[in-house]
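Remarks on the structure that follows.
The values are calculated or read from the model by the stated rules, or taken from the named source; none is laboratory data. Computed from a predicted model, the values in this text were never measured in an experiment. Backbone-built Cβ (ideal geometry, glycine too); neighbour counts: all protein chains shown. Surface accessibility is based on the protein's heavy atoms, side chains included, excluding ligands, DNA and RNA. Shrake-Rupley method; radii C 1.70, N 1.55, O 1.52, S 1.80 Å.
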Amino acid sequence: MEALQWFSLGIISMLAINVMVYVHRVIDLKWYTLPLLFGGVVDILVGVAWCWSSFLEGYPQSGAMGLSLFSGSGLVVIIMTWRHLVAPGLNIPMILQDAKSAR
Amino acid sequence: MTNQVENHKELEAEDELPNMSRRSFFKRTAAAGGAAILGGGAVLGASKTSLQGSLNTPGIVVDENFKPKDQRDVMLCHATSYHLSQVRNPERGAQYARLQKKDFNFNRALQTFENRDHFDNNKPGYGQADRAIGHAAWYPLVVAKSRAAAFTQPNTPMHSWSQADIHEEQFDWGSGKRAADMIRSTGRLFGAVRVGIAKFDKRFVYDPLYDLVEERTLSWEKDFPFKPKSVIVIATPMDYDNVATAPSWTAEGATGNGYSDMSKIACQIAKFIRGCGYNAVGAGNDLASSVAYAIQAGLGEGGRNGSVIVPGMGPRVRLCKVFTNIDFEDAYDQPRTWGITEFCKSCKKCADACPSGAISQDDDTSFAPTYEFSDEPDYTWNNHIGIKKFYSDAKKCFNFWMDNDTSCLNCVASCTFNEPDFWHHWMIMAVNPYMPKFVHSLMAEGHPAFGYGGQSRDPIPAKVEKFWVSGEDMRTNTSMKNNIGTAG
Ligand code: SF4
Ligand code: SF4
């Protein structure tokens, strides 16, 4: 079960990296938002891993706490970074235009 | 051919990601993935180094009042011996009864310990099965006539001082390191979860020793069969779910089983060493303070609850020792720190959960007891004064055991470091030394909030029930649940 857990988390981590690289390329994120977004993603993943392990060891309460504290704080960091540091500089029509012109 | 190329180009254009070629995208994800793997590896390496503990500690700190402990002043020894309790020092019991306003005598109370047939099947943790599991757990030692080692009796059949079976040829270990490795591997085979090796240190043995059966003192120089050079300290685990039932009778299952394992492993390792042609004597609670030697052997740090806190297991271990004349040269272990004693200064969970109020609520360690009545003449006779640590009143603890008609374990179950053996607890252990005081307090509060520990002064019925169904899956045991509490 533990092996399955680490395997799945590896896949989830790789997907998260894919999404981050994609977003970085499309939006051209400012350098200082990267560690914040990356930290948030790692925090979410730690919460998921904690939760899974806690269920395996028979302590679902710890799983719920881990998910809400770690993944929850990770989500908050990502949302705050996005709303306050990324979104204000975003020009959605321009991005769409870019995407179109690439075709 | 042209059509094929055109079709392919069209498909590519459709799939193409905005502003990025597919090659560039995969290059970047591969680089990011590689960086993540390297970062993860670095974190793992740093955690493993942190879990080894730091040598930057003085180990056991003593002051000018320190001297080796007289075995006759060990609580369990005093209470077990009729001579010590009723003839040599009856004033100790009388003083305790007077100050605590109780009709209580250490030696008399022990006579019926765990044999009062008053189980109640309607009271979780105090039914017939709860009584039976404790008796069963201790039974190997009863059969081997060696249970007295738990009460500090030396030279019991399982920890015999006889060296008659020593092999005449001495095995050449090759080096101290090789000897240590081979003995640790043997310990692991026999069921140890930790094996550390300390130099023999006369400061931390009981001196004089006391034979409770013959009611006489014994000397290391005249009576012990050889001059020890080293002490091998072995930790054996107690079951997480069973310990969680403390202070019920059910929890005596983990205690008794731990003692049976201690005797078995120490007896086996001593026999192995004698088979290799060297002197060896195993020991349970006898001969020396197991906590002091475990600290000396780098197994853990002293906690507020008086136990040694072992990283990864907390205080949920039993300790035994093997005294030998093997010289391990430069392969001896050293005291280490993981910031555990420091953590205890901000965490009082064990003291809060202690049903007898025996555990110190002080904010810092001290060289002498500070508990209630500790300024009364000779009231602290059971404490080993002159060591910097948290001092408990073992007389109150013993009193509770007698009233509860079993030992207790609540300070083990409630400890913030008592957690199942799983990576996320190791992660917390690894970061602990770098955390400031206020984070230690948060961690101590977080432990019960996450569902661990959280003992009350009485057994929690749900935990008793959880233990009794913990073997439900044992036919195939696909979750690999073992008695360390692992679900691998
Ligand atoms: S064993 Fe029980 S009574 Fe004794 S110190 Fe620990 S919690 Fe207190
Ligand atoms: S419960 Fe807290 S104070 Fe007590 S021994 Fe464990 S860590 Fe230390």
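Keeping every protein chain present and rolling a 1.4 Å probe, give me the accessible area per residue for segment B:361-488 in Å².
Per residue, segment B:361-488 has an accessible area of 46 Å².
If you rank A:L29, A:L69 by how much accessible surface each has, with a 1.4 Å probe, what is the order from largest down?
Details: A:L29 20, A:L69 95 Å².
Sorted descending by solvent-accessible area, the residues read A:L69, A:L29.
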- Task: Just give the residues from segment B:25-70 buried by at least 30 square angstrom of accessible area in the all-chains context relative to the isolated chain, probe 1.4 Å, and say none if nothing qualifies.
- Result: B:F25, B:R28, B:T29
- Item | Those Cys residues of chain B for which no other cysteine Cβ falls under 4.7 Å | B:C77, B:C267, B:C276, B:C320, B:C344, B:C347, B:C354, B:C397, B:C408, B:C415
- Task: Note down the accessible area of A:M20, probe 1.4 Å, to the nearest 10 Å².
- Result: 40
- Message: What whole-number distance in Å separates the alpha-carbon centres of segment A:49-71 and segment B:280-334?
- Response: 33
- Of the accessible area of the protein assembly as shown, computed with a 1.4 Å probe and all protein chains kept, carbon and sulfur make up a percent value of 59
- Query: Considering the zone a paramagnetic label at B:Q170 would reach in this model (a point 7 Å from Cα along the Cα-to-Cβ line), which residues of segment B:201-233 have amide N under 19 Å from it?
  - Reply: B:225-232
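Pop the C-beta distance of B:V431 and B:A97 into the FRET formula with R0 = 60 Å and round what comes out to the nearest 0.05. Before the final figure, lay out each step's value.
Values: r = 47 Å, r/R0 = 0.79.
Here the calculated transfer efficiency is 0.80.
I need the calculated FRET efficiency for the pair B:S24 and B:Q361, taking r as the beta carbon distance and R₀ as 60 Å, to the nearest 0.05.
After rounding to 0.05, the efficiency reads 0.45.
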- Task: Run the quick spin-label model on A:Q61 and A:V76: label points 7 Å from Cα toward the beta carbon, then report their separation in nm to one decimal.
- Result: 2.2
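In percent, how large is the relative contact order of chain B, given Cα pairs closer than 8 Å and 6 or more residues apart? List each step's numbers first, then the result.
Details: 868 pairs, mean separation 97.6, N = 488.
Relative contact order here is 20 percent.
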- Whole Å is fine, so just give me how far the alpha carbon centre of segment B:118-173 lies from that of segment B:61-116. 22
- Query: Once the whole set of protein chains is in place, how much accessible area is left on B:D201, using a 1.4 Å probe, in Å² to the nearest 10?
  - Reply: 30
- Query: In straight Cα distance, which aspartates and glutamates are under 12 Å from B:K177, not counting same-chain residues fewer than 8 positions off?
  - Reply: B:D327, B:E329, B:D330, B:D333
- Query: How much accessible area per residue does segment A:1-90 have, in Å², with a 1.4 Å probe?
  - Reply: 55
- Estimated 222 nm signal from helices in the protein assembly as shown, with DSSP H stretches of n ≥ 4 weighted -39500 (n - 2.57), rounded to 500: -14000 deg cm²/dmol
- Task: Determine the order of A:L34, B:L189, A:L67 by accessible area, beginning with the largest, at a probe radius of 1.4 Å.
- Result: B:L189, A:L67, A:L34
- In Hz, Karplus ³J(HN,Hα) per residue of segment A:50-58 (6.51, -1.76, 1.60; θ = phi - 60°; x = Gly, Pro): 4, 4, 4, 4, 5, 5, 4, 7, x
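Return one whole number: the accessible area per residue of segment B:176-215 in Å², for a 1.4 Å probe. Write down the numbers at each step before the final one.
Details: 1850 Å² over 40 residues.
Per-residue value: 46 Å².
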- Query: Ignoring ligands, DNA and RNA, how much accessible area is buried between chains B and A, both sides summed, with a 1.4 Å probe, to the nearest 100 Å²?
  - Reply: 2800
- Item | Amide hydrogen neighbours beyond the local backbone of B:N325, cut-off 5 Å, H modeled | B:K229, B:N279
- For segment B:202-250 and segment B:357-371, distance of Cα centres in Å: 24
- Interface residues in segment B:394-422 - accessible area drops by 30 Å² or more relative to the isolated chain, probe 1.4 Å: B:F422
- Message: With a 1.4 Å probe and all protein chains kept in place, how much accessible area does B:Y82 have, in Å² rounded to the nearest 10?
- Response: 130
- Query: When the Karplus curve 6.51 cos²θ - 1.76 cosθ + 1.60 is applied with θ = phi - 60°, which whole-Hz ³J(HN,Hα) does each residue of segment B:440-448 get, with x for Gly and Pro?
  - Reply: 4, 5, 4, 4, 5, 6, x, 4, x
- Message: Checking buried surface per residue: for segment A:1-37, which residues lose a minimum of 20 Å² accessible area in the protein assembly relative to the chain alone (1.4 Å probe)?
- Response: A:M1, A:E2, A:W6, A:M14, A:I17, A:N18, A:V21, A:Y22, A:R25, A:V26
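Got a sec? What order do B:R72, B:R131, A:R25 fall in by accessible area at 1.4 Å, biggest, i.e. largest, first?
Details: B:R72 45, B:R131 20, A:R25 75 Å².
The ranking, largest first, comes out as A:R25, B:R72, B:R131.
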